[in-house]
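**Student:** I'd like to ask some things about the structure below.
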Amino acid sequence: MLATEILNNLAKFPHCILLTRVGQFYESYFDQAIEVARLLNIKLTSRVWDKQSIAMCGFPLMHLDKYLKVLVQQNKRFVAMCEEFPRYSASGQKFEFDRRVARVITPGTLIDEPFINQFENNYLLSISVDGTVEEMDATPIGLAWIDVSTGEFFAKMSSREALKDDLARICPREVVLEDKLQANFSHPVHQLLVDEGCFVSYATSSQGALVKDSPETAATPDELNKLEGDLASVPSAYSLEESSAITILTNFLHTHLLEHMPSLSMPSREGNMDRMQIDSHTIKALEIRESTREGGTTGSLLSIVKRTVTRSGTRLLARWLCSPSTSVKEIQARQSLVAFFHARPHLISDVRQLLDEVDDTTRIVQRFLLGRGDPGDLVSISKTINVWSAIHKRLELEKQMENSERGFLLSEDWSSVDALLCRMEDLQDLESRINLAVRNIETTDESRDQDADDSLPDAEGPSKIGYKFDIPSRYFIRPEFSSQLASLHNNLVDLLEQRRKMERQLQVDYDAPSLTLRTSPAQGMHVHIGRSRRDQAAVKASPLFINISESGSTSSYFYQLWSSLGNQLVETATAITNAEKEAFSLLRNEVKAFATHLRRNARIMDELDVTLGFAILAAELRFTRPVITDNMTYEVTNGRHPTVELGLLTSGRVFTPNSVVLERASRLHIITGPNMAGKSTFLRQAALIAILAQTGSFVPADHAVIGVVDKLFSRIGAKDDLFRDRSTFMVEMLETAEILRRATPMSLVIMDEVGRGTTVKDGLAIAFAAVHYLVTQNQCRALFATHFHELADMLGHSDSHRGGGVFQEVRFFCTDVDETDDNHFAYSHRLRPGVNRDSHGLKVAQLAGMPESAVLLAKHTLDALKGQDHIGSQQLSSLGQSLTSSK
């Protein structure tokens, strides 16, 4: 029978590795066993079926999570989990198992596996593309993505140009395309996903019930208010492309989650206008989420600003940093919260201490919606609701204390907190309900250690061969939860007392201190004699005891009275277990009914966690509150790079701050200066300050006025891409072209060394063309660092005045090297108006440890070349010969 079930499941899920539960093992068979044994580095063996030897391998149940991590996360395999479902045979006598696939695990459909990163979202993204390849540039693209472990569900419109940026921001673990694209590897979207290293799967979009017949059909209020429940239809608030992406995603989930498919909330629609768009290269170049040097979060912006204490708060912080708000109202609301707590450090300490006790409620609730969850999760929800109430009370107490001390309340101070708290739902009834029902799990564990009788394990009902039961402290539902449970527990206590008295009486009557009443799968209810030679004489002589087994030191007997009493214990224990299952199911449904409220409160607490972290960050690193406007101003006084500054402080050095003013009359700055003098750091810090400001954080500066940035672009830190046959210069040009195509007047652009990868003449021409386009076409705020000091001349720079020349909107700044009389030098790192015409590249070579003779020759060569604006090949040849002969 098992072989037939396995073959059927392999046929149903040919794209998956099939793991079949057999008792306390998961096993793999046939050709798959060879692959599984290799991937998991476990022993490959064989078994005989129908007189044929087939390959097989397996591992204990306890190792499942370890091996799933290897198969799914490391090797990107789909794993079909075939579980055992107990049933009685048709005769009702024999106990059997049905085995069916209950879930297919993929990289994007992880639920509560221990190896899932608790501080990051695990997104599954679907992409809907219509039209031909030729129409791709003008065809809109629909996106839908979900974190199955939290239930967070989003949808938005994208385009071929923006898709790469969306992929970098969302950072999906798995991407689902419509199955019609499976064989079309030349499709631009397919190629982009391959280029970005995305793991791609496929699903159908044919389930028409999920999409409105017409985009003009208005959604009813009931549809729009349907926050939870099956996604039976997609309201017309979504475009056709978004609806298609939602359909593809939900079809994929239905196909793979199977019996663990949750009820889906309506996806939050994300617009392109309410979030700063950061292109994919910039997210990596600015090291927002992870460091390019370390390969992890260490050294990233996220690692520097993170002061959150909850896992879900950390996930929200990462999302805010990768997609800052462009709503002045929303940013100012966040700032007000940060300012409120920044002024009350004592309150920060109290609230954070409470937040530290909050569990990851969003993921716990999702486990219940997925048909999972355990009693410990119920206790976590109860404890978290209690903490939420304590935070609410602590803030109310602070409000009362301030009112009492001052005699009045500064309403503008408290408006942001009140706005946050008024959105919270009162869930104390649910907390009370759980507390009434569920024992304290930790207390239960202690009672197990103190009171458990190892000879009588827990009751598990008739689904096991050996009937098991124990004292009431083993059970997790309080007896007082229902009259039925109370009666059953009273009966169990009475039966256990009868067992204790029976055992004691038998020990006395038969002079057998080692006599105990036991149960086991092999022998059922039996009397056990521990010391046979001393204690079994009277028992053996009595006709009431029938010998079952005997060894050199122990013996076992059947005793009718104990068999009868033991069966009553089994029946009672089984009844309690079944009643607990019903009670737990009831409680699970209650949690599911409050899922929307629990998620809303959890999101509010995440916002509180992030803003508290921002307040602590501001206090620790001397950040200041920026003024947010909706114009093109970008004014920062003594701004600092948060990551570089912290790195310098840890080594005992001080960061040199710099100021910048970008406005309509001077919206592009040309920055020249030596290598190693901080031009790139200055560019990056300008971008990071804009990001922090629009997340609601304070910023590393003495003063800042930030006009909202709609798009942030960088051309900085390029390297070659040999896999795609792109040189460093080609990568630079691709990034430059993308900026010039996409930047708007509200954008912020930082560009470093455009044109450096080719000849001086070609590079200078490209740099000038890029600046010209930024000023005349894009009209955006831009910082343009270059070693081409000739560019300043082409733009009409004059030492007599800062602006003017070809473009009135262009200003010129530079950094310097301070030289001393003893032939030493130091970088000033501070910008000043003007142009620096010396890159001081030889000083960097000297610092790098280049041989002294090579550095000296380079100096002689540079001296010979200076002042020769036009030098031909003949002259260069003569110069080379003279320098060589002089050596």
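No lab work stands behind these numbers, since they all come straight from the coordinates. Treat the numbers as computed from the prediction; the structure is a model and nothing was measured. When we count neighbours, we look across all protein chains shown, and the Cβ atoms used for this are built from the backbone with ideal geometry, even at glycine.
**Student:** Could you work out the equivalent-ellipsoid semi-axes for the chain, taking the square root of 5 times each eigenvalue of the Cα gyration tensor, largest first, in whole Å?
**Tutor:** 66, 33, 29
**Student:** Which order do LEU40, LEU496, LEU2 fall in if you start with the one that has the fewest other Cβ atoms within 10 Å?
**Tutor:** Details: LEU40 17, LEU496 20, LEU2 13.
So the ranking, lowest neighbour count to highest, is LEU2, LEU40, LEU496.
**Student:** For a quick check: sort LYS393, LYS399 by the number of other beta carbons within 10 angstrom, fewest at the front.
**Tutor:** Taking fewest neighbouring Cβ atoms as first place, the list is LYS393, LYS399.
**Student:** Could you sort out which of LYS164/LYS284; LYS284/LYS761; LYS66/LYS284 sit more than 20 Å apart by Cα distance in this structure?
**Tutor:** Exceeds cut-off: LYS284/LYS761; LYS66/LYS284.
**Student:** Something else: Of the beta bridges DSSP finds with both residues in the chain, what % are antiparallel, to the nearest 5?
**Tutor:** Just about 65 percent of them are antiparallel.
**Student:** On to the next question. Please give the contour-minus-distance gain from THR292 to MET794: 0.36 nm per residue of separation, less the Cα-Cα distance, rounded to one decimal in nm. List each step's numbers first, then the result.
**Tutor:** Numbers: separation 502, 0.36 × 502 = 180.72 nm, distance 3.55 nm.
The THR292-MET794 span can extend by a further 177.2 nm.
**Student:** Going by the alpha-carbon gyration tensor, a ≥ b ≥ c the square roots of its eigenvalues, is segment 518-615 rounded (a/c under 1.5) or, if a/c is not under 1.5, prolate (a/b greater than b/c) versus oblate?
**Tutor:** Prolate.
**Student:** If all Cα-Cα distances of segment 1-105 are sorted into 5 Å bins from 0 onward, what percent lands in each bin, rounded to whole numbers?
**Tutor:** 2, 12, 22, 25, 19, 10, 5, 2, 1, 0
**Student:** When 1/r is averaged over all different Cα pairs and the result inverted, which Kirkwood radius in Å belongs to segment 627-850?
**Tutor:** About 18.1 Å, per the Kirkwood formula over Cα pairs.
**Student:** Which order results if MET56, MET730 are arranged by neighbouring Cβ count within 10 Å, fewest first?
**Tutor:** MET730, MET56
**Student:** Could I ask something else about it? Among the listed pairs LYS69/LYS180; LYS156/LYS711; LYS180/LYS711, which have their C-alpha atoms separated by more than 26 angstrom in this model?
**Tutor:** Working: LYS69/LYS180 30 Å; LYS156/LYS711 17 Å; LYS180/LYS711 34 Å.
Listed pairs above 26 Å: LYS69/LYS180; LYS180/LYS711.
**Student:** On to the next question. How do the peptides 600-611, 547-558, 571-582, 242-253 rank, highest first, by the average count of neighbouring beta carbon atoms within 10 Å per residue? Display every interim value, and only then the final one.
**Tutor:** Numbers: 600-611: 22.5, 547-558: 14.5, 571-582: 18.9, 242-253: 25.4.
Ranking, from highest mean packing down: 242-253, 600-611, 571-582, 547-558.
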